[in-house]
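Since the structure comes first, as structure tokens, the remarks are kept for the end.
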Amino acid sequence: MSGDLAGLYQQVILDHSREKHGFGLAPTADASSHQLNPTCGDELTLQLHATDGVIGSVTWEGAGCSISMASASLLHDLAPGLTYDEARERIALFRELMQSRGAGVEDEDELLGDAIVLEGVSKYVARVKCAMLAWVALEADLAQLDAAH
């Protein structure tokens, strides 16, 4: 990744950590999961609102580093309109991206949208859990919905 691109990605992460898209829990949700990163203390509650196997919206609240907050904000922008299977595909691809140690993955731009800005995080193993927190919460929410049907 070029220095200019890395700088742009860093700015997007900072912008999302300050201007948190989807921040604030709704009074009701179809599924909800609370996740904690015991390594650094980041925590997040993610609510999923869905109809007929399609994600309608994602809302969340949490506290933590700029990476975990930006990741949740980016996930909020990506998830609406995805089927549960499409969401699981994105989660698997994001997990693969986080395990790539900066090498990236195929089709990341198309499938992960702006969440690709977190690619650089994969170079720092201690920060991967921060980036994954919201995605693990979404995975847990999808499992709740599966169990309910």
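The values are calculated or read from the model by the stated rules, or taken from the named source; none is laboratory data. Worth saying up front: this structure is predicted, and the values here are computed from it rather than measured. We place every Cβ from the backbone using ideal geometry, glycine too, and count neighbours over all the protein chains shown.
Filtering segment 94-117 down to residues that are among the acidic types (Asp, Glu) and over 20 Å from Gln11 (Cβ atoms), which residue is modelled with the lowest pLDDT?
Initial filter on segment 94-117 (among the acidic types (Asp, Glu)): 96, 106-110, 114.
Going one step further and asking which of them are over 20 Å from Gln11 (Cβ atoms), we end up with 96, 106-107, 110.
Details: Glu96: 91, Glu106: 68, Asp107: 63, Glu110: 77.
Top of the filtered list is Asp107.
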**Q.** Contacts under 7 angstrom Cβ, first residue in segment 63-76 being in contact (Cβ under 8 Å) with a residue 12 or more places away in the chain, partner among the aromatic types (Phe, Trp, Tyr) and not in a helix (DSSP H, G or I), 6 or more apart
**A.** Ala72/Trp60; His76/Trp60
(Q) Which residue is surrounded by the fewest Cβ atoms within 10 Å (Cβ to Cβ), if the candidates are limited to segment 1-36 and must be modelled with pLDDT of 75 or more and of a type in the set (Ser, Thr, Tyr)? (A) Thr28
(Q) I'm checking my understanding of the structure. Among residues of segment 46-91 that are part of a loop (DSSP other than H, G, I, E, B) and small (Gly, Ala, Ser), which one is nearest to Val136 (Cα to Cα)? (A) Ala79
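Kindly indicate the residue of segment 37-54 that is among the aliphatic types (A, V, I, L, M) and touching a Ser or Thr at 6+ places or on another chain (Cβ under 8 Å) and also surrounded by the fewest Cβ atoms within 10 Å (Cβ to Cβ) among those meeting that condition.
At the first step, the residues of segment 37-54 found to be among the aliphatic types (A, V, I, L, M) are 44, 46, 48, 50, 54.
So of that shortlist, the ones also touching a Ser or Thr at 6+ places or on another chain (Cβ under 8 Å) come out as 44, 46, 48, 54.
Working: Leu44: 22, Leu46: 30, Leu48: 25, Val54: 13.
Per the criteria, the residue is Val54.
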(Q) Please go through (1) in contact with a Phe, Trp or Tyr (Cβ under 6 Å, 6 or more places away or on another chain); (2) without any contact (Cβ under 8 Å) to a residue 60 or more places away in the chain; (3) crowded, with 23+ Cβ neighbours inside 10 Å for Ile91 and return the number of the only condition it doesn't satisfy. (A) (3)
